[in-house]
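Please treat every number below as a calculation from the coordinates, not as lab data. Quick caveat: nothing in here was measured; it's all calculated off a predicted structure. Here the Cβ positions follow ideal geometry from the backbone for every residue, glycine too, while neighbour counts run over all protein chains shown.
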Amino acid sequence: MVRFKWSIAMSSRTYKTSYYNFYIPVPEKDCYLLYNSRTNGLVEMKPEEARQLIRWSKLDEVPSGELRCFGQDAVDSLIESSFIVNSRLDEKELIHKRIVGQRRASYRNASFELTITPTLSCNMGCPYCFEGPKPYRNFMNEETIDDIVQFMEREIQHSRIVESFGKIRVTWYGGEPLLRPEVIERLSSKILVLQEKYEIEYEANCVTNGLLLTPENWAILERARVSSVQVTIDGYKDTHDTLRPLLPMYGSDDQGNYDKILDNLSALSQSAPVRVAIRINCDKNIMKHIDLFFDDLETRGIWPQRREQFSMYLAHKTLPPDGLPVDEISDYYSSREFGKQVDQFSLLMLDRYNRWAEKNRKQRARIRMNLPKPAAFLCGSASLPYSIVLDSAGYVHQCWEHVNHNTTRAHHISEPYDLQHPRRSLFVHWDKFMQNPMCRDCKILPVCNMACPHLDPPDACPDIRWSLPDRLKSQYLMTKDTPEQIQSFEEFDNDLQDTYSLSVKCDEIN
């Protein structure tokens, strides 16, 4: 098949540079990177070409004579990747249509996005926890379990909100959900009956502190078809046990709980159908001793030996509602600092893996050059029609950060399902493009995954708002200076359908 290219001479259109272009100078290599956040396009350019585009970006239209002088092949490529667009195109409106499209799609083939708290009690007393003080001996009873199942079947059969249901996704949350494993088992078994009866796809995961991941509870999670578990470990033993102490009513904490959690993880069968993500709530003190944490993981055979089953990631630790003493606040990373720390952590993981690989005669790994993921503009736990957070008494909340606060309750799950309830409508109808001018005009918006209706910029902005150009440049320089660590720029697949998180991952083997 012959492909006919657009002809400058034959076209009567006028063009402009894309609003979402980033022009990133790389003087070390005498070039520029041109990145477009709307299409996730990324190319390298000569400085004189980039300066021409920068000059055009200040004009309403690209002068047609200058466009012809730029060269047919170059212009074809720039238009194909949307670095240059039709001058009549409203790119911001395209982004808004993407947001509206995501919302409409969520009403056609909906998902039950259920965050369920078997108990609000917790056996740890983490000072930075956003839930605040938690009740003791609190748990979901059989009546509430039945109310949840009846609600789900009623909506599957007679929903007036969505056309159909394509998936049930359950997140077991708390408090500490494994304080009440029997609730997980009983409610899961009943939900799975519905899933099979109505032939709906099913997925479940669990957020736990890991202290109660005993063989018996691992077995319960497997029967509940939990396929992923998130466990928080705040670095090495000294920092973890200080920041995440066991509460006295749940036993003695003389030995700390760090070793117990790692023992529980190492006891997980290698054939178990579950992946474990180790979350590290990152601050400066934790990162000082992170090498010791890697040592312990390797000694116990958790990582990198079982890297297909265990993964790690950094989470940005934010201040709790009541704040902290000034001397403790200094340990926290700003958003800009955290972005750099994520990249440094990825390189540390790569180094640790390759040292282990050489010692054990395994293949070395490289990290991938990655672009940001296209934005999911709707919060999965708050903004979808059936995204529900349920406390242990069966009350509906719209955000899991508020599940321990009675003032955020909307209605009970046994009552008529009401998206227009005053405590829910803000989340369900939230549109950051229309409601926040700062978001609407932000060039990061197409890849901004800050989708929280109750947080406002700039305080809530993700780190890539400030760090994206530097991080792309840093990865590019790695492809030139240390190609043994990262795939080359020429190997990089610039297909929008094959983009990943900006945090590089140690999972590509030479």
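Observations on the model:
- The chain, helix-only ellipticity at 222 nm - DSSP H runs n ≥ 4, -39,500 (n - 2.57), divided by all residues, nearest 500: -10500 deg cm²/dmol
- Neighbour counting of Cβ atoms within 10 Å sorts the residues Asp234, Asp481, fewest neighbours leading, into Asp481, Asp234.
- Close lysine pairs were tallied over the stretch 1-89: pairs 8 or more places apart or on different chains with Cα atoms under 21 Å apart number 5.
- Theoretical gain in end-to-end length, Tyr136 to Ser87 [0.36 nm per residue, Cα-Cα removed]: 11.4 nm
- Selection from Ser37, Val170, Gly132 lying farthest towards where the dipole of the chain points positive, charges on Cβ: Ser37
- Gained length - Arg225 relative to Asp146, 0.36 nm times residue gap less alpha-carbon distance: 26.5 nm
- When the chain is described by a simple charge dipole with +1 on each Lys and Arg Cβ and -1 on each Asp and Glu Cβ, the residue from Tyr417, Leu94, Val342 located farthest towards its positive end is Leu94.
- Only one item in [x] -0.34, -0.60, -1.40; [y] -0.42, -0.63, -1.10; [z] -0.42, -0.69, -1.20 matches log10 I(q)/I(0) by the Debye sum over Cα atoms at q = 0.06, 0.08, 0.13 Å⁻¹ derived from the coordinates shown, and that item is [x].
- Proximal charge balance of Trp356 [Cβ under 12 Å; K/R count +1, D/E count -1]: +4
- Given their separation in residues at 0.36 nm each and the Cα-Cα distance between them, Ala105 and Asp351 gain 84.3 nm when the chain is fully extended.
- Measuring r between the beta carbons of Asp263 and His405 and using R0 = 41 Å, the FRET efficiency lands at 0.75.
- Under 19 Å from a label point set 7 Å out along the Cα-to-Cβ vector of Lys197, the amide N atoms of the stretch 145-170 belong to 145-160, 164-170.
- Partners of Lys284 within straight-line reach, counting lysines whose Cα lies under 26 Å from its Cα and excluding those fewer than 8 residues away in the same chain: Lys237, Lys260, Lys317, Lys340, Lys473, Lys505.
- Neighbour-limited loop hits for GluC sites (Glu not before Pro), the stretch 153-235 (at most 13 other Cβ within 10 Å; DSSP other than H, G, I, E, B): Glu163, Glu199
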